[in-house]
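Reading through the structure tokens given below for one structure.
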Amino acid sequence: MSKPKIAIFDFACCEGCQLQIVNLEEELLDLLGGADVVEWREAMSEKCDEYDIAIIEGSITRLEDEERLKLIRSRAKILIALGACATIGGINKLKNNFDDLDEVKKCVYGKDANKPHLATQPTKAVDEVVQVDAYVHGCPIDRKEFTYIMRCLLMGKEPEIPEYPVCVECKAKGNPCLWEYGQVCLGPIIRAGCGARCPSNGFRCFGCRGYIDNPNVDAAKDVIDKFGLNIDDLKTKMVLFGSRQEPTIHG
Amino acid sequence: MCQCCAEKKDIYLPELATVMDAKAMNVTERYLRLAMDDGPFDFVPGQFVEVSVAGIGEAPITISSSPTQNGGFELVVRKVGNVTKAIHNLNKGDKLGIRGPLGDGMYPVDEAKGKNVVFICGGIGLVPQRSFVNYVLDNRDDYGEVTILQGTKEYDQRLFTDEVAAWDKRDDVQMLETIDLPDKRWKSNVGVVTKLIPMIKSELKSAVVLVCGPPVMYKFVLMSLEEHEVPHENIFLNLERKMKCGVGKCGHCQINSTYTCMDGPVFRYSDLATMPEAI
Amino acid sequence: MSVKKIAKKDFVEFVETLIRKERVFGVQAKGDRFDFAPLESAQDLRLDYDVTLQPPKKFFQPPAEVLMTFEVGGGYQSQYDDEPFVLLGVHPYDMVAINQMDELFSQDNYDTHYMTRRNNATIVACDVAKPSENVFASSMGTAVVKSGYDVLLTDIGDSYVCEAATEKGEKLMAAAKKAVPADDAALKSREAVWAKNKKGLNRHELKCDPAYLPKLLAKAYKHPVWEERAKTCFSCGSCNQVCPTCYCFNVQDDVNWDMKTGKRERAWDGCLLDGFTKVAGEHEFRKQRADRFRHRIYRKGMYVPEKIGGQIACVGCGRCVAACLPDIANPVAVYNRLIDDLGIG
Ligand SMILES: Cc1cc2nc3c(=O)[nH]c(=O)nc-3n(C[C@H](O)[C@H](O)[C@H](O)COP(=O)(O)OP(=O)(O)OC[C@H]3O[C@@H](n4cnc5c(N)ncnc54)[C@H](O)[C@@H]3O)c2cc1C
Ligand code: SF4
Ligand code: SF4
Ligand code: SF4
Ligand code: SF4
Ligand code: SF4
Ligand code: FES
């Protein structure tokens, strides 16, 4: 069997996820041993028009990007959405919800806030434009999960991505629940797979992996009451990554 | 491993088997004949094995051949997900892992002796039933009248057509087949399998009835059997549940308090009275 | 077997020697909570804890463990974790849970992976010195424990009564050179602790004898409580994860980068999680939150008891009560509600 060809493309994003791949170091060599990377601006410059696996990073913000993405799709056997920007529209989706972006941009991107691709038309996740075969969730992605998914795809296996929420991994790690310390953690409604990265470090989950398939947002309202918090606390927390997705908090 | 465990075998560890024969039956089903690399393989119709493809996972698959037939055992696998897809890639000479035979809920091979036996199969439900059908036919004198009903959705999905034709030719078997959505090639009964039940020639009331098919089929078949006054004790259903361990630990296959992998997959209908989740 | 008494300061010394010789895990502070963790200094051991974040089941059935390694197209090789260890500070209710798990993993099909860890453990149990916020062990008859441990410690003020119940326990305690045979007064004090705990570990009071629960549930299958409570269930599985008697698991394969070798792992699963019963083709047998919520309560109060001689598989540790954000998981609240509606008898 000849080595499968992998191509990586970036659209509107901070490229933080590609950085995660570059940071794989040793494992990156393993990946390169099992596959040929044919297009990857971050790491190399060669161009190629056929690939077994196309990895898409970033969200789709311009019409010409949509065309480019459709072209990539037509040339790729498997298409992967990499990172929250690509899987759920990511932070870029914020601009669909807010009139005044500056504050949010600053809070999210820090010094990157003025990147030009953040000021355009409605943002789309990759699967709003083309069919996606595999999702690598997260902002940034989890390296361990990324390599697992790549190995699965190279074996011709559909990766098993958790359908359950972050709390499962959080509890498996033996963390105390941050709600009891006054933090509005989105763990119960957000898809696991990151190893409960944030709560394990004392920070609430802010939902970068997107909702589970069937989140109970009504329950979230009850919990807010129980802990004596305001519903707006949850709304602002949800909006960061939840803006694109259907179940939004009302009330 | 500790001393006391050293004497016990690892219930999760597959043993190696070799594919003796493999062929596509149609687009979605693949037939495999396997032989264990070490030792004999004794089973009773209705039992299943956990088929293991290293790197992909395990899937429970019922043994489709009868223990009365020599030369390994047969499986028929429908391609639906990771493991079954990987099984479809196996060819003659390939190795795979097997755990089993598993499941204490088997077909009532002894209890049915001397009685009429009726098999009601929907689609791929023929695959597990075939084990007992052939067992009965290989011990034909031990059993009463034999009736086989097979319902299939579309013509191209029919399984074991040669075997079914051979059963049809026998004068000691009543073989009835129907197709739900037939095309020009089909000249026989049309509709769902329950339509065949009134056509059964042998006495149903005293028969042992074995049912296997998709979950939706059971309700209608049971309703019809109720009309024919078949006692619940004489009806046996093959139930499917998600399985992981196959040995009564992981909890996935539970129907109320019952473990399908241990007490099934074949259940006596009257025993399901305490299992509201069953059907 | 012997019952001794050891002064607290001598006990610290004993633990210190133990740490030097063996792999020891003990209860320690974790922020303002407690948990079992590798013990590096006897000073860190906190036998005055209320409840640990995770139950000790993780030492026998870890959150994730390798069952075997394999070669693609080749053979499978069992993997075992067989390093002996000492577990310090298991509360009676958790000990009862371990006893139940022992039974479940060894009956019918003997699980060599669980049992290897279990047989390599020396368990030092200790009576509860400070009740946790949600404990209801008194209601469940698990406030004191009579078997399963190798050593049982009871805090009687300035010293511990330590009862060695097995060979392993005797051997362990032999290193406690300053322990003396327990006198009558010490034994009396221990009785007093037991008597107190039998009543006092009861933040939620079950309105019936636990032995009645299977009968209660037998008539509660269609009760509205399942729907009512499950309305706000996140299906987050927290109640499963923190429970000392939940042992459902998932099994998954992973390959190494050579694409030729790999491992089969099992990991904690939970019957409350969406997808737990989902088969290929998207059919899900317990699709509704209420179905899954009910299943857990039935498992604790009826299904598992059928397998372990009638013992109720909720030991009243109260962890699920604390872990459930919408506050619906409390088994006592469910049972009492059913008793109110359906009566006893
Ligand atoms: C007792 C029994 C006998 C069976 N006999 C046959 C047979 O003879 N032929 C056949 O084609 N199929 C049979 N099945 C169904 C077969 O087990 C599933 O189609 C198969 O497990 C799907 O696995 P997958 O990896 O391809 O799919 P995925 O969707 O990738 O499933 C992942 C895992 O979930 C579990 N799982 C998913 N679906 C099922 C299911 N329907 N039943 C049990 N576990 C499931 C398995 O552990 C599987 O490995 C049987 C099922 C049971 C319970
Ligand atoms: S998902 Fe996050 S880290 Fe990855 S590219 Fe987008 S913004 Fe950057
Ligand atoms: S901290 Fe967050 S993820 Fe962890 S258990 Fe609490 S809600 Fe769930
Ligand atoms: S804990 Fe939440 S925010 Fe943090 S990485 Fe995981 S999904 Fe993203
Ligand atoms: S059900 Fe709750 S209280 Fe009972 S043992 Fe489990 S976690 Fe503890
Ligand atoms: S009962 Fe509570 S802890 Fe359990 S799954 Fe539902 S919300 Fe989570
Ligand atoms: S499949 Fe694991 S308990 Fe039945």
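Taking 0.36 nm per intervening residue step and subtracting the Cα-Cα distance, what contour gain separates B:L181 from B:E227 on full extension?
Fully extending the segment from B:L181 to B:E227 adds 14.0 nm.
What is the distance in Å between the Cα centroid of region C:1-63 and that of region C:116-147?
After rounding, the separation between the Cα centres reads 13 Å.
Cα atoms only: what Rg and Dmax, in Å, come out for chain C?
Cα-based Rg and Dmax for chain C come out at 21.4, 67 Å.
Between region C:150-169 and region B:145-160, how far is it from one alpha carbon centroid to the other, in angstrom?
Region C:150-169 and region B:145-160 have Cα centres spaced 68 Å from each other.
Working out 0.36 nm times the residue gap between C:A333 and C:K9, then minus their Cα-Cα distance, what length gain in nm do you get to one decimal?
Residue separation times 0.36 nm, minus the Cα-Cα distance, leaves 112.4 nm.
Given H placed on each backbone N at 1.01 Å, which residues far from C:M68 in sequence or on other chains put an amide H within less than 5 Å of it?
Counting only residues 5 or more places away or on other chains, the set is C:Q79, C:R264.
Please work out whether region C:166-319 counts as rounded, prolate or oblate from its C-alpha gyration tensor, where a ≥ b ≥ c are the square roots of the eigenvalues and a/c under 1.5 means rounded, while otherwise a/b larger than b/c means prolate and anything else oblate?
Oblate shape, in that a/c is at least 1.5 and b/c is the bigger or equal ratio.
With each run of n ≥ 4 DSSP H residues scored as -39500 (n - 2.57), what mean residue ellipticity at 222 nm is computed for the protein assembly as shown after dividing by its residue count and rounding to the nearest 500 deg cm²/dmol?
It lands at -8000 deg cm²/dmol.
Can you tell me how the protein assembly as shown classifies by the Cα gyration tensor, rounded, prolate or oblate, using a/c under 1.5 as the rounded cut?
Note, shape of the protein assembly as shown comes out oblate.
If only Cα atoms are counted, what is the Rg of region C:157-199, and what is its Dmax, in Å?
Using the Cα atoms of region C:157-199, the pair Rg, Dmax is 12.0, 34 Å.
Which value in nm describes the separation of the simple spin-label points at C:Q288 and A:R62, placed 7 Å from the Cα toward the beta carbon?
5.2
Which pairs, out of C:K21/C:K57; A:K77/B:K92; A:K77/B:K95, put more than 26 Å between their alpha-carbon atoms? Mind showing how you got there, number by number?
Working: C:K21/C:K57 24 Å; A:K77/B:K92 28 Å; A:K77/B:K95 29 Å.
A:K77/B:K92; A:K77/B:K95, as the Cα separations exceed 26 Å there.
Using the structure shown, select from C:K9/C:K30; B:K23/B:K153; B:K79/B:K244 the pairs with a Cα to Cα distance greater than 28 angstrom.
Working: C:K9/C:K30 23 Å; B:K23/B:K153 22 Å; B:K79/B:K244 18 Å.
From C:K9/C:K30; B:K23/B:K153; B:K79/B:K244, over 28 Å: none.
At R0 = 56 Å, how high is the FRET efficiency between C:M259 and C:A185 if r is their beta carbon distance? Nearest 0.05 is fine.
Calculated value: 0.25.
Would you kindly derive the ³J(HN,Hα) couplings of region B:247-256 from the backbone phi angles with the Karplus curve 6.51 cos²θ - 1.76 cosθ + 1.60 (θ = phi - 60°), listing them in order in whole Hz, with x for Gly and Pro?
Computed from phi, the couplings for region B:247-256 are 10, x, 10, 6, x, 5, 8, 4, 10, 6 Hz.
Please compare each pair in A:K144/A:K226; A:K144/B:K249; C:K8/C:K130; A:K144/C:K260; C:K231/C:K300 to a cut-off of 25 Å on the Cα-Cα distance and tell me which ones are over it.
In this structure, A:K144/A:K226; A:K144/B:K249 lie more than 25 Å apart at Cα.
Estimate the FRET efficiency between B:A35 and C:A267 by the formula 1/(1 + (r/R0)^6), using the beta-carbon distance for r and 35 Å for R0, to the nearest 0.05.
Once rounded, the FRET efficiency stands at 0.60.
Quickly work out the C:K178-to-B:K153 label distance, labels modelled 7 Å from Cα along the C-beta direction, and quote it in nm with one decimal.
7.6
Could you work out the relative contact order of chain C, using alpha carbon pairs under 8 angstrom and six or more residues apart, expressed as a whole percent? Walk me through the intermediate numbers first.
Numbers: 632 pairs, mean separation 74.9, N = 345.
Rounded, it is 22 percent for chain C.
Can you list the residues of region B:226-266 with backbone N under 14 Å from a point 7 Å past the Cα of B:T274, pointing along Cα to Cβ?
It comes to B:255-259, B:263, nothing else.
I'd like to verify something in chain C: which complete DSSP H helices, judged by Cα projection on the helix axis, reach 15 Å or more and average at least -0.5 on the Kyte-Doolittle scale? Mind showing how you got there, number by number?
Numbers: long enough: C:8-21 (20 Å, -0.36); C:92-106 (21 Å, -0.02); C:184-200 (23 Å, -1.03); C:331-342 (16 Å, 0.37).
Length and hydropathy pass: C:8-21, C:92-106, C:331-342.
Considering only C-alpha atoms, what is the centroid distance from region B:38-105 to region B:243-279, in Å?
With region B:38-105 and region B:243-279 each reduced to a Cα centre, they are spaced 20 Å.
Considering the zone a paramagnetic label at B:K92 would reach in this model (a point 7 Å from Cα along the Cα-to-Cβ line), which residues of region B:9-40 have amide N under 16 Å from it?
Under cut-off, by backbone N: B:18-25, B:31-35.
Assuming R0 = 25 Å, can you tell me the calculated FRET efficiency for the pair A:F203 and C:R33, based on Cβ-Cβ distance, to the nearest 0.05?
Efficiency for this residue pair is about 0.90.
Could you check the spin-label model distance between A:L19 and A:D133? Points 7 Å from the Cα along Cα→Cβ, value in nm.
The modelled label-to-label distance comes out at 2.9 nm.
Between rounded, prolate and oblate, where does region C:110-187 land on the alpha carbon gyration tensor, with a ≥ b ≥ c its root eigenvalues, rounded for a/c under 1.5, else prolate if a/b exceeds b/c?
oblate
FYI, it's all coordinate maths here, none of it is from the lab. The structure displayed is predicted, hence computed values, not measured ones. Here the Cβ is made from the backbone with ideal geometry for all residues, glycine too, and neighbour counts use every protein chain on show.
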